[in-house]
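Notes follow once the structure below has been shown.
Each value in this text was obtained by applying a stated rule to the coordinates, not by laboratory testing. Everything quoted here is computed from the prediction, not taken from an experiment. FYI the Cβ positions are ideal-geometry reconstructions off the backbone, even for glycines, and counts take in every protein chain you see.
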Amino acid sequence: MASEFGPITWDGLGERLYETGVDHVVLYPYKDGKYEGGVAWNGVTGITENKSGAEQTALYADNLKYLNMTSLEEYGVTIECYTYPELFEQYNGTAVLVKGVTAGQQARGTFGLSFRTLIGNDEKGDSYGYKLHLVYGCTASPSEESNATINESPEAKTLSYEVSTVPVAITGKGNLRSTSCITIDSTKCDADKLAEFLKTLYGDGSETKPTLPLPAEVITALTPSEAV
C-alpha cells in the first residue's frame, strides 16, 4: 500500500487482489433509444474483452518530432458459450419463418450486454466483491459451428461470437469521449445505491423490466448522496 509520506509497503493483509470468473450475463434488446427487456444468457463459458486502437502516429516538423497523434480506441468482446437465449436469434442473423422454422443470413440488430466478474483477495477469497461490465451498441458476427459425432469422449458443441460495438455518449461529464463499456466496482460503490441499481439491471420481479441504463443514468443512480 502506498502511503502519502511513505514508506511504501507491499502485500498487506487484504490487499492481495485478483479478478476471476464470469457470470450473470444478460442480453438487452435495443429499441427506440433504450436497452430494456433483458433476458438471462445461460451457458456462457467465457467473455474476452478486446481493446484495440489508441495507436500513436508521429508528426514531424522543422526536422524534429513535432507531436504524437493518438487514434480512437475500439472495444469489442468475444462471447464463448454452449447456448444462447431465444431472443438472440434476431441478433444472430436468423428470422423465424413459422414456429420451429428459421432462415439464416438475415439482418443483424443492435443489442446491449452486461456481465459480472468476481474480485477476490487473500482474506475473503472470491466473495470479496465483483465488477459489473455494461456494454453498449453491440453487433454480433457469425459463429463457426462444428458438429462432430458422439464418441467415448463426448463434448458439447461450443459457439463463439465476435461482438463489435458503437460507443454511446457520456453526458454531463465535461469533455469525456463516448464509451462502449462502463465498469462498476462493488467494493467502491455505495452499497445501498448499488442494491437499487441491480433492481434496474436485473428487474425486481414486479413492475421493473430488466434495463441497461445509459451512462448518464448510471452516474445519477450511483452518485453518493453527499455528492448530490
*Please sort by residue number the GluC sites (Glu not before Pro) in the stretch 1-46 whose DSSP state is loop and whose Cβ has at most 15 other Cβ atoms within 10 Å.*
E4, E15
*Let me know the longest stretch in the chain that avoids all trypsin sites (Lys or Arg not before Pro) found in a DSSP loop with at most 12 other C-beta atoms within 10 Å.*
17-98
*Neighbour net charge for I47 - beta-carbon separation under 14 angstrom, K R +1, D E -1*: -2
*Show which lysines lie in cross-link reach of K131 when reach means a straight Cα distance below 19 angstrom and same-chain residues fewer than eight apart are skipped.*
K51, K188, K193, K199
*Likely footprinting exposure, C181, C138, fewest C-beta neighbours within 10 Å first*: C181, C138
*How far, in degrees from 0 to 90, does helix 191-202 lean away from the longest principal axis of the Cα atoms of the chain, to the nearest 10?*
20 degrees
*Please provide three numbers in whole Å: the alpha-carbon extents of the chain along the principal axes, with the largest listed first.*
68, 55, 46
_Full-extension gain between K173 and Y60, please, as 0.36 nm times their residue separation minus the C-alpha to C-alpha distance._
37.3 nm
_10 Å-binned pair-distance histogram of the stretch 101-228 (Cα, whole percent)_ = 10, 29, 30, 20, 9, 2, 0
*Listed residue (S153, Y82, S52) projecting farthest to the positive dipole end of the chain, Cβ model*: S52
